[in-house]
Amino acid sequence: MEIIIDIEDPMPLFTQLVEQIKQAVINEQIKPNDALPSIRQLANDLEINSKTVSKAYRLLERDNVIQAKGYRGTFVHPEAKSNCDFDLNNWLATQLEATISTLKQAGATDSEIRIAFTNAMNQYKS
Amino acid sequence: MPTSVLFYLIFISQIWLLSYFYPRKILDRIRFVIKNHPPQEYPKLYPESLDKVQRVQQIYKFLNYIILAIGIWLLVDLGMLSNANNHDNFNEGIPLMYGMVQFIPMMMLEVLGYKQFKLMKQKDTRTNRKAELQPRRLFAYVSPYLIFSAVVMYIFLIAFELYMTQYTVTFDFMIKIGSVSLANLLFIGITLFNLYGKKLDPYQATNERVKQTKFAIRSMVFISMFVSLFMMAQTLVNTYELGTVEIIINSLYFQVLAIFSIGRIIKNFKIEDIDFDVYKAESS
């Protein structure tokens with residue numbers, strides 16, 4: 001299974017990696033518990049920064065598409081295929097739209113919503 | 001057969017193998033590539049001009065002829081000045097020093113080859129990058145038993161040297177073990193580079209890379225085992241003062257190194273089997 005990235009594509013490199021690995025899982029080109037290359041190996045083969053690959057792997061791990069098992073390496077998550085169907089960004093947008101719609105129906109203005117959102121984000125930071 | 005005659009035969013073999021036979025094979029390979037894969041059809045293979053390649057070819061040929069001539073002169077010199085029955089006249093360092101000189105043209109080709117790959121990378125305008133989504137694991141390229149044998153050989157060398165020095169850590173012992181350890185670290189470094197490092201040739205096909213990695217790692221393992229054996233042989237020869245045997249071992253050392261490195265390349269990487277299509281102008 002080969003992964004191909006385009007360094008001049010407007011899509012960020014880490015996004016290209018994430019999308020292609022997810023697609024490989026969906027198409028069963030890589031199966032649950034299959035080993036994946038190390039960050040260093042993939043970065044060297046694609047001649048990109050290892051931080052880019054690291055970011056892609058972090059996002060895939062967050063989405064439960066891959067699992068890092070320490071010195072043993074990185075593997076495809078046992079439930080990767082079903083987890084690939086879940087798009088976090090899509091879900092985030094849907095949730096926010098629903099919340100904003102509720103707030104506007106209650107009479108809140110745009111600036112009030114923005115201030116409340118910023119305060120809520122700051123609370124999570126601290 | 002008297003050891004001096006045996007030495008002459010083995011030294012002739014060293015001169016012939018490293019300064020005539022293998023250089024001729026390498027020059028044949030270069031000629032084959034130039035003839036069958038010219039720059040008009042395979043421009044990516046020639047980041048600089050064809051003239052540059054031919055110049056390097058001539059320099060390599062010339063250097064080997066000079067070294068061959070030196071070898072013949074050494075042989076005549078040893079024959080004329082040495083009494084065949086007087087083993088003390090042989091300089092034990094001759095095969096070692098001459099062997100190191102014989103490897104110079106090969107090292108020159110390696111360095112120039114590395115520069116060529118760098119130029120190929122600079123001229124590579126492709127924006128697509130490809131990678132296999134499979135990890136490269138050591139034991140996929142070399143048998144674990146071979147690695148185990150090399151490790152056992154190294155440990156046995158340490159035990160053997162300690163036994164020969166009656167379990168005293170002498171300065172000689174530290175130098176010997178230190179040198180072999182450094183050599184093994186170098187071999188491990190080369191192995192890791194082949195497994196996880198960047199591709200030197202930007203156009204190399206995946207299957208070619210697999211072949212090359214397998215070859216490189218196995219060569220490192222064999223050479224590691226051989227270096228351990230050579231060190232033990234040296235210790236035995238020094239301990240029992242086998243002067244002429246040492247000179248024979250020194251000569252054989254370089255020949256075996258050449259067989260395991262250059263010889264294996266020529267045998268396992270038939271030039272006709274290499275995928276040169278990746279160097280064509282229209283290939284992606």
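For region B:156-260, applying the loop criterion from DSSP together with a ceiling of 14 other beta carbons within 10 Å to the trypsin sites (Lys or Arg not before Pro) yields B:Lys198. A Förster distance of 56 Å, applied to the separation of the beta-carbon atoms of A:Ala108 and A:Ser82, puts the FRET efficiency at 0.90.
Please compare each pair in A:Lys31/B:Lys214; B:Lys25/B:Lys214; A:Lys31/A:Lys55; B:Lys35/B:Lys214; B:Lys25/B:Lys130; B:Lys61/B:Lys280 to a cut-off of 24 Å on the Cα-Cα distance and tell me which ones are over it.
Flagged as over cut-off: A:Lys31/B:Lys214; B:Lys35/B:Lys214; B:Lys25/B:Lys130; B:Lys61/B:Lys280.
Within the full protein context, the accessible area of B:Val33 is estimated at about 30 Å² for a probe radius of 1.4 Å.
The interface between chain A and chain B buries about 2000 Å² of solvent-accessible area in total (1.4 Å probe, ligands and nucleic acids excluded). If R0 is 25 Å, the Cβ-Cβ spacing of B:Glu132 and B:Glu282 corresponds to a FRET efficiency of close to 0.60. Here is the link list: B:Lys115/B:Lys199; B:Lys118/B:Lys199; B:Lys44/B:Lys121; A:Lys51/B:Lys211; B:Lys123/B:Lys211. Which ones come out longer than 19 Å on Cα distance? Violating the 19 Å Cα-Cα cut-off are A:Lys51/B:Lys211; B:Lys123/B:Lys211. Sites listed here are GluC sites (Glu not before Pro) in region B:187-271 whose DSSP assignment is loop and whose Cβ has at most 10 other Cβ atoms within 10 Å: B:Glu241.
Mean per-residue shielding of peptide A:57-67 is 0, counting Cβ atoms of other chains within 10 Å of each Cβ. Contact residues in region B:107-139 by the 30 Å² criterion (accessible area, 1.4 Å probe, full protein complex versus chain alone): B:Thr127, B:Asn128, B:Arg129, B:Lys130, B:Ala131, B:Glu132, B:Leu133, B:Pro135, B:Arg136, B:Arg137. For region B:199-269 and region B:1-68, write down the distance between their C-alpha centroids in whole Å. Answer, in whole Å: 19. Surface composition of region B:171-284: carbon and sulfur atoms hold 67% of the protein heavy-atom accessible area at a 1.4 Å probe. Residues whose amide H lies under 5 Å from that of A:Leu36, counting only those 5 or more places away or on a different chain, are A:Thr74, A:Phe75, A:Val76; hydrogens are built 1.01 Å from N in the peptide plane.
Hand me the trypsin sites (Lys or Arg not before Pro) from region A:21-81 located in a DSSP loop with no more than 13 other Cβ atoms within 10 Å, in residue order please.
Details: sites: A:Lys22, A:Arg40, A:Lys51, A:Lys55, A:Arg58, A:Arg62, A:Lys69, A:Arg72, A:Lys81; in loops: A:Lys69.
For trypsin sites (Lys or Arg not before Pro) across region A:21-81 that sit outside H, G, I, E and B with at most 13 neighbouring Cβ atoms in 10 Å, the list reads A:Lys69.
Exposed loop sites here mean chymotrypsin sites (Phe, Trp or Tyr not before Pro) with a DSSP loop assignment and at most 12 other beta-carbon atoms within 10 Å; chain B contains its longest site-free run at B:1-166.
The values are calculated or read from the model by the stated rules, or taken from the named source; none is laboratory data. Remember, it's a predicted structure, so these values are computed and weren't measured experimentally. So basically every Cβ, Gly included, is an ideal-geometry build from the backbone, and we count neighbours across all protein chains shown. Side chains are part of the model used for accessible areas, which takes the heavy atoms of the whole protein and leaves out ligands, DNA and RNA. Shrake-Rupley method; radii C 1.70, N 1.55, O 1.52, S 1.80 Å.
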